[in-house]
Amino acid sequence: MGACRNADLRSQKEKGQSGLAAFTQYAIQGTDMSKSDSLELYEVFLRSRRGLDHKHVGSLHAEDPEQALEYARDVYTRRGEGVSIWVVRSNDICASQEDDSESFFDPSNDKPYRLATYYQLPDEVNNM
Amino acid sequence: MSEDLEAKFLRKIEGEEKIEPKDWMPDGYCKNLIRQISQHAHSEVIGMQPEGNWITRAPSLRRKAVLLAKVQDEGGHGLYLYSATETLGISRDEMIHALQTGEAKYASIFNYPAQTWADVGAIGWLVDGAAIVNQVSLQRTSYGPYARGMVRICKEESFHQRQGYELMLVLARGSDDQKALAQDALNRFYWPSLMMFGPHDAESAHTAKSMQWKIKRQSNDELRQKFIDQTAPQIDFLGLDHPDPECKWNEERGHYDNGEIDWDEFYDVINGNGHCNRQRIEHHVRAHREGEWVRAAMQTYEARKKKAKAA
């Protein structure tokens, strides 16, 4: 399967397409083949220990949120990785674009004075 | 049933486990948290006023940018804390209402005016310094969202104290007038900073229960002592006079001894008679009212976008 996919990518590249375009195309084909368009994509967040934040661990397809929770339990916590799971419809996530990150995060990049290390204090009082 | 739940809750507390928003918790625990976290949030937001007053009068562009960034942080910290409080089922509107009607308190220190530029230094160094001592301890509080908020805030807050001390250092090493300005700011902000930790443990209304539930991890007096101990050498290094003539190192205790706080002043300010109590709330009410059209415009725009999408 993996080899097949690589071969597929290579052949697309040889035809002069970019890897990304080829991959996108492959992904769309994959969706068509598996006929999973009736299942929605969910993002899975795990809290590994009480007191810690939920962290994103991956995604899965499910019929509804309850089902997604059970799948997430089966797929992502087989070894006691978590004490709490959140599932969120992928479509409900509004994300910033990495391609735009330069301009998006620009307002804070030139303000080093927001960092504690910007202030040089003499050794005697430097443990502040 | 309810006994089981309470026993389970106490077992978690006992075992140093965090309580999370959807866990069962006693009513008193929830109320106590709402009171403390919202009071903390209000303090961040009201705390923007005394310093915000100096942004346009900062002596250099560098100092202005730094102060702006600091005040901006305080607003952000208010947001973290309001959000943490909201996980307990109270709305932002209810909290703002409680603040504006005086039903909820905020740190009394912000009822003192920032009269000179040196006050900006003293506030960063002493007021934020005292807040950090308290907040470092609260990183271990038993309520998960509050604890995580504290971790985030402590990470950001260290620059507040350092920029304040750096400012004081420049003044203390400056002309006689500048040094006098620094001494005056220290004199006025030292005692109110000690009061920030609240009344003595024996007189503190909420301490016992809060400690049992591990909302608070160290008592008012313990935290205050920590602050006194860390501040004394810092005053010394600036070459300024200590505002408390009784502050002496006690070899036996391994701590600095200190003179008694003027508790009449403490209660007077809490009860609304500080220099700026009325002004702070009036300003908050006015700013909130003046922002009304922005909130209304956002909602109208949102409704129009939804309508356009549906059509």
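For the range A:106-119, give me each residue that is more than 8 Å from chain B (Cβ to nearest Cβ) and closer than 16 Å to B:GLU166 by Cα. Spell out how you get there, then give the answer.
Taking the range A:106-119 as the starting set, the residues that turn out to be more than 8 Å from chain B (Cβ to nearest Cβ) are A:106-110, A:112, A:117.
Within the range A:106-119, A:PRO112, A:THR117 qualify.
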Q) For the range B:134-152, what are the residues that are among the β-branched types (Val, Ile, Thr) and buried (at least 24 other Cβ atoms within 10 Å of the Cβ)? A) B:THR141
(Q) Would you confirm, using the coordinates I've provided, whether A:ARG50 is within 14 Å of another protein chain (Cβ to nearest Cβ) and at pLDDT 90 or above? (A) no
Q: Could you tell me which of the residues B:GLU86, B:GLU16 is of a type in the set (Asp, Glu) and loosely packed, with under 15 Cβ neighbours inside 10 Å?
A: B:GLU16
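Return the residues of the range B:193-235 that are aliphatic (A, V, I, L, M) and over 16 Å from B:LEU126 (Cα atoms); say none if nothing qualifies. Before you say what the answer is, go through the steps one by one.
Applying the first criterion (aliphatic (A, V, I, L, M)) to the range B:193-235 yields B:194-196, B:202, B:205, B:208, B:211, B:215, B:223, B:228, B:232, B:235.
Of everything in the range B:193-235, those that are aliphatic (A, V, I, L, M) and over 16 Å from B:LEU126 (Cα atoms) turn out to be B:ALA202, B:ALA205, B:ALA208, B:MET211, B:ILE215.
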Q) Of the residues that sit in the range B:218-235 and are free of Cβ contacts under 8 Å to residues at least 24 places away in the same chain and within 14 Å of B:ASN134 (Cβ to Cβ), which one is nearest to the chain's Cα centre (by Cα)? A) B:ASN220
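Yes/no matrix, rows are residues, columns are (1) of a type outside the set (A, V, I, L, M); (2) under 27 Å from B:VAL133 (Cβ atoms); (3) within 20 Å of the chain's Cα centre (by Cα):
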residue	(1), (2), (3)
B:GLU6	yes, no, no
B:HIS40	yes, yes, yes
B:ILE46	no, yes, yes
B:TYR80	yes, yes, yes
Q: Could you list, in sequence order, all residues of the range B:25-48 that are part of a loop (DSSP other than H, G, I, E, B) and either within 14 Å of chain A (Cβ to nearest Cβ) or of a type in the set (Ser, Thr, Tyr) (or both)?
A: B:MET25
Q: State yes or no: is B:TYR106 of a type in the set (Ser, Thr, Tyr), in a helix (DSSP H, G or I) and either within 14 Å of another protein chain (Cβ to nearest Cβ) or over 17 Å from B:ASN187 (Cβ atoms) (or both)?
A: no
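Please find, within the range A:73-85, the residue that is farthest from A:GLU40 (Cα to Cα) out of those that are touching a Leu at 6+ places or on another chain (Cβ under 9 Å) and loosely packed, with under 15 Cβ neighbours inside 10 Å.
Initial filter on the range A:73-85 (touching a Leu at 6+ places or on another chain (Cβ under 9 Å)): A:75-77, A:81-85.
Those still in the list that are loosely packed, with under 15 Cβ neighbours inside 10 Å too: A:75, A:81.
On the way: A:VAL75: 16, A:GLU81: 24 Å.
Applying the filter and picking the extreme gives A:GLU81.
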Q: Looking only at the range B:284-303, decide whether some residue is surrounded by 10 or more Cβ atoms within 10 Å (Cβ to Cβ), modelled with pLDDT of 95 or more, touching a helix residue (DSSP H, G or I) at 6+ places or on another chain (Cβ under 6 Å) and aliphatic (A, V, I, L, M).
A: yes
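Within the range B:117-134, does at least one residue satisfy the condition of being under 24 Å from B:ASP221 (Cβ atoms), free of Cβ contacts under 8 Å to residues at least 60 places away in the same chain and within 12 Å of chain A (Cβ to nearest Cβ)?
Yes, because at least one residue in the range B:117-134 is under 24 Å from B:ASP221 (Cβ atoms), free of Cβ contacts under 8 Å to residues at least 60 places away in the same chain and within 12 Å of chain A (Cβ to nearest Cβ).
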Q: Taking A:SER59 as the residue in question, decide whether it is away from chain B (no Cβ under 14 Å), free of Cβ contacts under 8 Å to residues at least 24 places away in the same chain, open to solvent by less than 60 Å² (accessible area, probe 1.4 Å) and at negative phi.
A: no
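Does A:ALA68 satisfy the criteria of being modelled with pLDDT of 95 or more and surrounded by 15 or more Cβ atoms within 10 Å (Cβ to Cβ)?
yes
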Q: Test A:ASP92 against the stated conditions and say whether it is within 30 Å of B:ALA69 (Cβ to Cβ) and not small (Gly, Ala, Ser).
A: no
Q: Could you tell me whether any residue of the range B:88-96 is small (Gly, Ala, Ser) and touching a Gly at 6+ places or on another chain (Cβ under 8 Å)?
A: no
Q: Only residues that are part of a helix (DSSP H, G or I) and surrounded by fewer than 20 Cβ atoms within 10 Å (Cβ to Cβ): list them for the range B:50-70, please.
A: B:GLY52, B:ILE55, B:THR56, B:ARG57, B:LEU61, B:ARG62, B:LYS64, B:ALA65, B:LEU68, B:ALA69
(Q) Against the condition under 14 Å from B:GLN163 (Cα atoms), basic (Lys, Arg) and open to solvent by 10 Å² or more (accessible area, probe 1.4 Å), how does B:ARG92 come out, does it pass? (A) no
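From A:GLU102, A:GLU70, which residue is away from chain B (no Cβ under 14 Å), more than 25 Å from B:PRO21 (Cβ to Cβ) and not polar (S, T, N, Q)?
On the way: A:GLU70 fails: more than 25 Å from B:PRO21 (Cβ to Cβ).
Of A:GLU102, A:GLU70, the one residue that is away from chain B (no Cβ under 14 Å), more than 25 Å from B:PRO21 (Cβ to Cβ) and not polar (S, T, N, Q) is A:GLU102.
The values are calculated or read from the model by the stated rules, or taken from the named source; none is laboratory data. Remember, predicted model here, so these are calculated numbers, not experimental data. No Cβ is skipped: glycine too gets one built from the backbone with ideal geometry, and neighbour counts run over all protein chains shown. What goes into the accessible areas is simple: the full protein's heavy atoms, side chains included, and nothing from ligands, DNA or RNA. Shrake-Rupley method; radii C 1.70, N 1.55, O 1.52, S 1.80 Å.
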